[in-house]
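**Student:** Below: one structure in C-alpha cells.
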Amino acid sequence: LNGIENDIDAANDDVDDLGVIHETLLSTADGTRSEAIARQRDQKTTQINNHIVRLRGELNAVEQMNRNTSLTPSEEATRRTRHAVLARKLMGLLDKYRQLERESQKMYLMPDATDDEVNQAVNDETARSVFAMDVMSSYQSKVARRMLRD
C-alpha cells in the first residue's frame, strides 16, 4: 500500500507540473515554442491519465483482496482504513486534476469569460456556437482550436 501512496504523490506532482506547463503555454507568444510546450502538455496529460487508470486498478485489486482474505478483525480494520485513506487521496488528486483542466480550458478558450458564460456555453447549443466563434477570433485562436479539437 505504501507503493500506491507513493504513486499517488508522484501523480500529484505531475498535476503540479502540468499546471506550470499550462501557465508557460499561456504566456508564450512564439508559435514554434508553443507547439513544443503543447506537446509537453499532451505527454504530461497522458502520463497523468495513465497514472490514474493504474491507481484505480490497484485500489480495486486491494479492495478485492481485502474481501477475499481471511484476516483478524483488527488486521481487516487496518487494511480497510488504509484503503479508504488511499481512495480519498486518489479522489483528491482527481478533483485537483479536473479543476486544473477546467481552469486551463477556460483560459485557453476565452480568457475573459466569466464562469456563468462558460457554463452557458457548455449547456446551451446556441451559446456554444457563439462561444466557439468568439474563441476562434480570440488572440489565442491557434491554442483554442487545438483545445476544441482535443
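The values are calculated or read from the model by the stated rules, or taken from the named source; none is laboratory data. Just so it is clear, the model here is predicted, and its values are computed rather than measured. Neighbour counts run over all protein chains shown; Cβ positions are idealised from the backbone, glycine included.
**Student:** Hey, among the residues in the range 106-134 that are of a type in the set (Ser, Thr, Tyr) and at pLDDT below 65, which one's farthest from Asp16 (Cα to Cα)?
**Tutor:** Going through the qualifying residues, I end up with Thr126.
**Student:** Using beta carbons and a limit of 6 Å, which pairs, at least six apart or on different chains, have the first residue in the range 12-26 and farther than 16 Å from Ala36 by Cα and the second one of a type in the set (D, E, K, R) and surrounded by fewer than 18 Cβ atoms within 10 Å (Cβ to Cβ)?
**Tutor:** The qualifying pairs are Val15/Lys96.
**Student:** Considering only residues of the range 24-48 that are of a type outside the set (Gly, Ala, Ser) and exposed (fewer than 13 other Cβ atoms within 10 Å of the Cβ), which is nearest to Tyr97 (Cα to Cα)?
**Tutor:** Thr46
**Student:** Mind listing whichever residues of the range 43-76 are farther than 23 Å from Asp9 by Cβ and either modelled with pLDDT of 85 or more or of a type in the set (S, T, N, Q) (or both)?
**Tutor:** Across the range 43-76, the qualifying residues are Gln64, Asn68, Thr69, Ser70, Thr72, Ser74.
**Student:** If you don't mind, there's one more thing I want to ask. Test Glu103 against the criterion of being of a type in the set (D, E, K, R), assigned to a helix (DSSP H, G or I), at pLDDT below 85 and over 20 Å from the mean Cα position of the chain (by Cα), and give yes or no.
**Tutor:** So Glu103 does not fit the description; no.
**Student:** Being touching a residue at least 12 places away in the same chain (Cβ under 8 Å) and part of a helix (DSSP H, G or I) narrows it down to one of Arg67, Arg33, Arg54, Arg39, so name that one.
**Tutor:** After ruling out the rest, the residue left standing is Arg54.
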